[in-house]
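Please read the structure below before turning to the comments.
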Ligand code: NAI
């Protein structure tokens, strides 16, 4: 339909074709948007992103999202190419405690610090860079990806739960100033468990995914569903939606239990 015709953006976090950012880039392209793709230099070494760049006619600019210098360079490239920007997708997450299997009760605090810098503070750094360069068009849209562990307990999600709570808070706190002074909206999308590299790194992930799918009246939202919602949030149809954490989860966040889950549990008890 071309609902992003004429819109320009920056998309962070497309690692491979399962990535939420990858699917979002494809959908944004289909809807007429132009964008710069970016990821950490180490992730770009895998080279997969070049296929996405070809398919979407995009330039790839390396940037570690924790480095203000890298971010400044990235935004300079985007500004040079597009002038002002209409949308930004922050689709970045990483916990070293999760990756190395460190239990939450035995947290390594150096890893914690690195993890929150990558997963939460980088969102502030991205917005700060755009703010300082005054490069967002009026009615622009900035999005980051979150997970319901920011509000509820999911053992195994570890310090990523705290990182997501921090991320959502940054969206609201900075989003206030973006709205007030620049007419730009800032939101987070709280997505169902999704089989990606980051998702599958979490201990017990398959259980989270299957239970969420069972409990949600509409079933889990896929990465493609998330891409559709990102497109909508970047479009002019959502101009005054801001400071929100939007659940894209098939209804999971408002459920207690489903009949299916109860039946499976009871049947399991009877068999044991
Ligand atoms: P993914 O592994 O494809 O994407 C994560 C991205 O973060 C990768 O592209 C990685 O290179 C990038 N990244 C890591 N460190 C970075 C750094 N220092 N600078 C720049 N980029 C860096 O996985 P996915 O699932 O697409 O993750 C995207 C977002 O969605 C993350 O914020 C994740 O927490 C969130 N999310 C994922 C869910 C899932 O079940 N997969 C559920 C809810 C939210």
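Work out, step by step, the length gained on full extension between residue 54 and residue 128: first 0.36 nm times the residue separation, then minus their alpha carbon distance; give nm to one decimal.
On the way: separation 74, 0.36 × 74 = 26.64 nm, distance 2.95 nm.
Working it through step by step, the gained length comes to 23.7 nm.
Given the alpha-carbon gyration tensor of region 116-244, what are the semi-axes of its equivalent ellipsoid in whole angstrom, ordered largest first, with each equal to the square root of 5 times an eigenvalue? Before the final figure, lay out each step's value.
Values: eigenvalues 155, 59, 25 Å².
In descending order, the three semi-axes are 28, 17, 11 Å.
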Item to complete: Going by C-beta contacts inside 10 Å, put 100, 264 in order with the fewest on the left.
Response: 100, 264
Discussion item. How much of the pair distance distribution for the chain lies past 30 Å, counting alpha-carbon pairs only, in percent?
Written reply: 27 percent
Fill in: the chain: angle of helix 223-234 to the longest principal axis, Cα-based, in degrees nearest 10
40 degrees
Worksheet item: Which whole-number percentage describes the relative contact order of region 118-183, with Cα contacts under 8 Å and a sequence gap of 6 or more?
Response: 47 percent
Worksheet entry | Separation in nanometres of the label points that stand 7 Å from Cα toward Cβ, at residue 152 and residue 30 | 3.0 nm
Worksheet entry | Descending Cα extents along the principal axes, region 175-272, whole Å | 61, 27, 21
Worksheet entry | Whole-number percent relative contact order across the chain, with pairs defined as alpha carbons under 8 Å at least 6 apart | 19 percent
Discussion item. What distance in nm lies between label points placed 7 Å from Cα along the C-beta direction at residue 177 and residue 18?
Written reply: 3.7 nm
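Could you sort 251-257, 153-159, 138-144 so that the peptide with the highest average Cβ count within 10 Å comes first and the rest follow in order?
Numbers: 251-257: 13.7, 153-159: 17.9, 138-144: 22.3.
So the order, starting with the most tightly packed, is 138-144, 153-159, 251-257.
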Worksheet item: Rounded if a/c is under 1.5, else prolate if a/b beats b/c, else oblate: with a ≥ b ≥ c from the C-alpha gyration tensor eigenvalues square-rooted, which is region 105-180?
Response: prolate
Worksheet item: Tell me, what is the FRET efficiency for residue 103 and residue 80 to the nearest 0.05, using R0 = 30 angstrom and their Cβ-Cβ distance as r?
Response: 0.05
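Give me the extension gain from residue 68 to residue 254: residue separation times 0.36 nm, minus the current Cα-Cα distance, reported in nm with one decimal. Working shown, then result.
Numbers: separation 186, 0.36 × 186 = 66.96 nm, distance 3.82 nm.
So the extension gain works out to 63.1 nm.
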Worksheet item: When a footprinting reagent is the concern and you count Cβ atoms within 10 Å, what order do 129, 105, 238, 188 take, fewest first?
Response: 105, 238, 129, 188
Worksheet item: Helix 205-215 versus the longest principal axis of the chain: what is the Cα-based angle in degrees, 0 to 90, to the nearest 10?
Response: 80 degrees
Worksheet, complete the sentence: Footprinting proxy, 11, 96, 49: sorted fewest to most Cβ within 10 Å, the residues are 96, 49, 11
Discussion item. Between 0 and 90 degrees, rounded to the nearest ten: what's the tilt of helix 68-82 against the longest Cα principal axis of the chain?
Written reply: 60 degrees
Worksheet item: At what distance in angstrom do the alpha carbon centres of region 130-154 and region 8-70 lie from each other?
Response: 17 Å
Discussion item. Return the Rg/Rh ratio of region 30-102 with Cα-based radii and a Kirkwood Rh.
Written reply: 1.01
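Every read-out reported here was derived from the displayed coordinates using simple, explicitly stated rules and does not represent laboratory data. Every value quoted in this text rests on a predicted model; they were computed, and no experiment measured them. Glycine also receives a Cβ, built like all others from the backbone with ideal geometry; neighbour counts cover every protein chain displayed.
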